[in-house]
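To keep things clear, I will list the structure first and then write my remarks on it.
The values are calculated or read from the model by the stated rules, or taken from the named source; none is laboratory data. In this text, all values refer to a predicted model and were calculated from it rather than measured experimentally. Here the Cβ positions follow ideal geometry from the backbone for every residue, glycine too, while neighbour counts run over all protein chains shown.
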Amino acid sequence: MTPDEARQFAARWLPAWTGNDPLRLASFYTDDLFYSDPTLPGGLRGKADFVRYLSRLLANNPDWVWTHESSIPLQDGFLNKWRLEAPVGDSVVTCRGVCTVQITGGLIYRNETYFDTLPLITAIRQWNARKTSAPVTLPPGINRG
């Protein structure tokens with residue numbers, strides 16, 4: 001796959017990671033796919049398991065945006081160099097990483113994602129700590145028991 005073909009494929013595929021639509025995203029993959037990422041290092045196989053995984057992942061991250069930055073040709077596909085803009089609370093965390101994208105018949109059969117998750121996990125933990133430590137304000141007329 002040429003860098004231009006990879007860019008065109010990524011322009012169709014990466015937007016499907018935004019918007020909490022697991023079935024739309026899964027439509028870019030074969031039924032017998034292999035997928036892995038830092039939270040799933042052993043990976044998973046098959047579209048049914050992938051859709052279950054995506055259902056939770058995308059529900060927790062409906063507004064993140066993945067952008068193709070460049071690519072390197074690989075057998076049956078490309079190495080996708082990407083940028084992630086992930087809203088966390090009142091801020092946006094930027095991560096950069098790579099993933100292998102191997103394609104047959106126009107669909108991804110193998111997708112392995114690699115990036116340093118520490119900045120994203122740290123931001124999520126800090127946001128959750130701020131939410132849980134915020135004072136609770138009761139409506140007027142309601143007294144604490």
Check: So, of the residues in segment 100-128 that are farther than 30 Å from Ala6 by Cβ and either part of a loop (DSSP other than H, G, I, E, B) or at pLDDT 90 or above (or both), which turns out to be farthest from the chain's Cα centre (by Cα)?
Finding: Gln126
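Here's a check for you: in segment 8-19, which residue that is of a type outside the set (Gly, Ala, Ser) and surrounded by fewer than 16 Cβ atoms within 10 Å (Cβ to Cβ) is farthest from the chain's Cα centre (by Cα)?
Among them, the one singled out is Gln8.
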Item checked: Verdict on Val93 being in contact with a Leu (Cβ under 6 Å, 6 or more places away or on another chain), modelled with pLDDT of 95 or more and under 30 Å from Pro3 (Cβ atoms) -> no
Note to self: Please determine whether any residue of segment 71-86 is in contact with a strand residue (DSSP E or B) (Cβ under 8 Å, 6 or more places away or on another chain), farther than 25 Å from Met1 by Cα and part of a strand (DSSP E or B).
What the structure shows: yes
Margin query: Within segment 1-39, take every residue that is of a type in the set (S, T, N, Q) and without any contact (Cβ under 8 Å) to a residue 24 or more places away in the chain and give me the one that is nearest to Gly97 (Cα to Cα).
Written below: Gln8
Check: Going through segment 40-93 one residue at a time, which ones are touching a residue at least 24 places away in the same chain (Cβ under 8 Å), surrounded by fewer than 13 Cβ atoms within 10 Å (Cβ to Cβ) and of a type in the set (S, T, N, Q)?
Finding: Gln75, Ser91
